[in-house]
Amino acid sequence: MVLTWGLEMLSSILQYLPCWHSMILIAVTFTFMFILARINNRQEKQSTAKKDRQEGTKQSSKADLHLHIWYGTQTGTAKQFAEILSEDAQTHRIAAEIHDLKDFDPENHILTEANTNNILVFIVSTYIEGQPPENARWFHQWLQESVDDFRVPKTLLKGVRFTVFGLGNSLYHEHYNEVSRNIEDWLSALSATSILPRGEGNENVADSKNGGLEADFDAWKTSLLQDTLSDTGMCRCGEERCTDKVSCKCEQQPSDHQNAEESSSEDESPEGDDAGGGDGVMQTDGVMDLEDLGKVMHKMKAAKQRRDEEENSAKTNNINSSGDRENNVTEPREMITPLLRQSLTKQGYKLVGSHSGVKLCRWTKSMLRGRGGCYKHTFYGIESHRCMETTPSLACANKCVFCWRHHTNPVGTEWRWKMDDAETILAGALENHYKMVKQFKGVPGVQPERLAEAKKAQHCALSLVGEPIMYPEINKLVRLLHQQEISTFLVTNAQFPDAIRTLVPVTQLYVSVDASTKESLKKIDRPLFRDFWPRFLDSLKALSDKGQRTVYRLTIVKSWNSDEIEAYAKLVDLGKPDLIEIKGVTYCGESKASTLTMANVPWHEEVVSFVQKLVDLLPDYEIASEHEHSNCILAANKKFKVNNEWHTWIDYPQFHALMKAYESSEGKKTFTAVDYMAKTPDWAVFGSQEQGFDPAETRFRRKGKNKDITGC
């Protein structure tokens, strides 16, 4: 219509003008008409788009936004977080799918995601030495190679939107959340756009920004679903969400934060429309235009800056009414997080306070039935049904490959958690232990006299899990146990030499010697300390200065440390332990946190051969006892062999008498290991027909199979 009108006007004017004037006028007129036509066409398209959006809103109540949640996990935590995010996304009316990164295919799962309504979410943990978990290795490798390959264009992933959440532990310093950091950097290097800064989940509760791994994830998840994704085409209306901000009318009044955003933005929608929720971003089919992503990112950064300022303000010293600064002592966090509490409870732990636990040993159950005791019964005369297995610290400084708790316990290098007093721990441990014992009343096979005896604990194995010596009041706890005439068997992982030196006398002090070289110790124990090897050696030296019974506990992992006999002999000379326990590693089932298999478990004959070769290099030691059922051998210093008879057992009443004298003299009246030794019975001596099984007990085997189930 504009073109027709213009041509009629032009023909009427041209007849009165000279030729060259006519040519100029024709050129100007056509240019003007072209501009008018473009403007008219754009207005018609905008009107049509508006109608389409309004029609789409009437036809659908759900957003077109779609989350593809990819997880990379070693122990299953990242998968669990992915499931939680998926469920919460759907409650916000956002479609979500969960994918295992082992199934990742670039052509199908990322190269086709450019300029779509899909957002890729990566939840990935960091494993050993900054490596990705097994199921994320291919994805991690593909990204790295794509970035490093000069043939791959740097715009490969342009138009792809993503966000990353990493799981790690800040105690690992330079490798902390390294995998998630790599993924974010490499995706960005390939021109993908991050819609939310990378979230970091910290397993180290003390340093976690929000109080633990789950809390960090929950804060990041909230930021993703309620803050970030609400800016991608949906507005918040109480618990409802709209698919198109053009037609979204929230009954609630906007918050101050929303008002501030509205006043600082330019609304590109036509006047008179209830458009945009005040964010100034053009919308198409409920999804933000990519060219306007910078505005949303600016808002996200501003919101993050405000949150950081609020957190920093809460951490700074408060000013009282007189203008003086008050001491800002942030209360330490609890060691046991909700997720950890759930996991440990499921495994049968009875948790005490905020960092302790107790569990009924399978050998306690076995001896209640008259089916035999543990190797400590054979080696040292412990009555297994009267032994309580507990710990005042669930945290540990190692992540050993053979950890029978599958690394569900926390890790740490120093005490930075909330601390319960020793009285509370002991009372809670005994109470829960006795409750578990009482549950065996009426169980078939349980002997009434032993059940009655079990209601008064005589021994405490401070070796349940974690590192008991980390607990700041460990000396007080040990004294309280001794006051109730409960013997103490404390195990440490040889990473806290100062704590060993200051430890009060215990009935028997163990140091785990899981490897004899720096390289194998790092491989097997996976320690957190950077100076783990000097700490390990200092711990052994500190052990040599203790007057009471000391033990090296060696765990033989076939093909890993079973050939280090000469190196082990040198370590024995360093710490000069009274006794050496050598045990074949126990396979506790498949663990995603460890590559240990049944192939790494040595036969009992192989353990015996190892110990025989070891004592051949140690003139002061001989094999004293064995417990074939536990695949365990005891080598002892010859000072325990009196008149050609072994005295590896303990005179417990004598020990408590010596401790009372020690305490009353304020530590001046000391005693040594030989002062409370007792004769080892013949059946417990190495080479006996019983092979360490008490003949007073009854051994059970499954019918038709030569498999011993005693103690199970």
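The values are calculated or read from the model by the stated rules, or taken from the named source; none is laboratory data. Model, not experiment: these values are computed from the prediction. Counting neighbours? That spans all protein chains shown, and the Cβs are built from the backbone with ideal geometry, glycine included. Side chains included, ligands, DNA and RNA excluded: accessible areas come from the protein's heavy atoms. Shrake-Rupley method; radii C 1.70, N 1.55, O 1.52, S 1.80 Å.
Rolling a 1.4 Å probe over the protein chains gives THR337 an accessible area of about 20 Å². Taking all protein chains into account, the per residue accessible area for the range 356-465 stands at 34 Å² (1.4 Å probe).
Counted by Cβ distance under 10 Å from ALA569, the other residues give a net charge of -2, where Lys and Arg count +1 and Asp and Glu count -1. Going by the alpha-carbon gyration tensor, a ≥ b ≥ c the square roots of its eigenvalues, is the range 62-143 rounded (a/c under 1.5) or, if a/c is not under 1.5, prolate (a/b greater than b/c) versus oblate? Oblate shape, in that a/c is at least 1.5 and b/c is the bigger or equal ratio. Pairs from the table (LYS476/LYS570; LYS476/LYS669; LYS102/LYS209) lying more than 24 angstrom apart at Cα are LYS476/LYS570; LYS102/LYS209.
Working out 0.36 nm times the residue gap between LYS541 and VAL642, then minus their Cα-Cα distance, what length gain in nm do you get to one decimal?
Values: separation 101, 0.36 × 101 = 36.36 nm, distance 2.69 nm.
Extra length from LYS541 to VAL642 when fully extended: 33.7 nm.
Per residue, the range 55-178 exposes an accessible area of 46 Å² to a 1.4 Å probe, with every protein chain left in place.
Return the long-range amide H neighbours of GLY199 (sequence gap of 5 or more, or a different chain), with a cut-off of under 5 Å between placed amide H atoms. Excluding prolines and chain starts, which carry no amide H, the hits are VAL164, PHE165, GLY166.
Strictly over 25 Å apart at the Cα level, which of LYS518/LYS576; LYS576/LYS613; LYS456/LYS641; LYS518/LYS613; LYS546/LYS679; LYS350/LYS455 would you flag in this model? If you can, show how the numbers build up before the last one.
Working: LYS518/LYS576 20 Å; LYS576/LYS613 18 Å; LYS456/LYS641 32 Å; LYS518/LYS613 22 Å; LYS546/LYS679 22 Å; LYS350/LYS455 17 Å.
From the list (LYS518/LYS576; LYS576/LYS613; LYS456/LYS641; LYS518/LYS613; LYS546/LYS679; LYS350/LYS455), the Cα-Cα distance tops 25 Å for LYS456/LYS641.
Rounded, prolate or oblate, given the Cα gyration tensor of the range 96-239, with a/c below 1.5 counting as rounded? The shape class here is oblate. Look at where the Cα atoms of the range 447-484 and of the range 377-394 average out, and the two centres are 7 Å apart.
A 1.4 Å probe run over the protein chains yields, for the range 616-705, 55 Å² of accessible area per residue, whole-number rounding. In the complete set of protein chains, residue-level accessible area for SER356 is approximately 0 Å², probe 1.4 angstrom.
In terms of its C-alpha gyration tensor, the range 444-565 comes out oblate, because a/c is 1.5 or above while a/b does not outweigh b/c.
Only protein heavy atoms count here; under a 1.4 Å probe, ASP682 has an accessible surface of about 110 Å².
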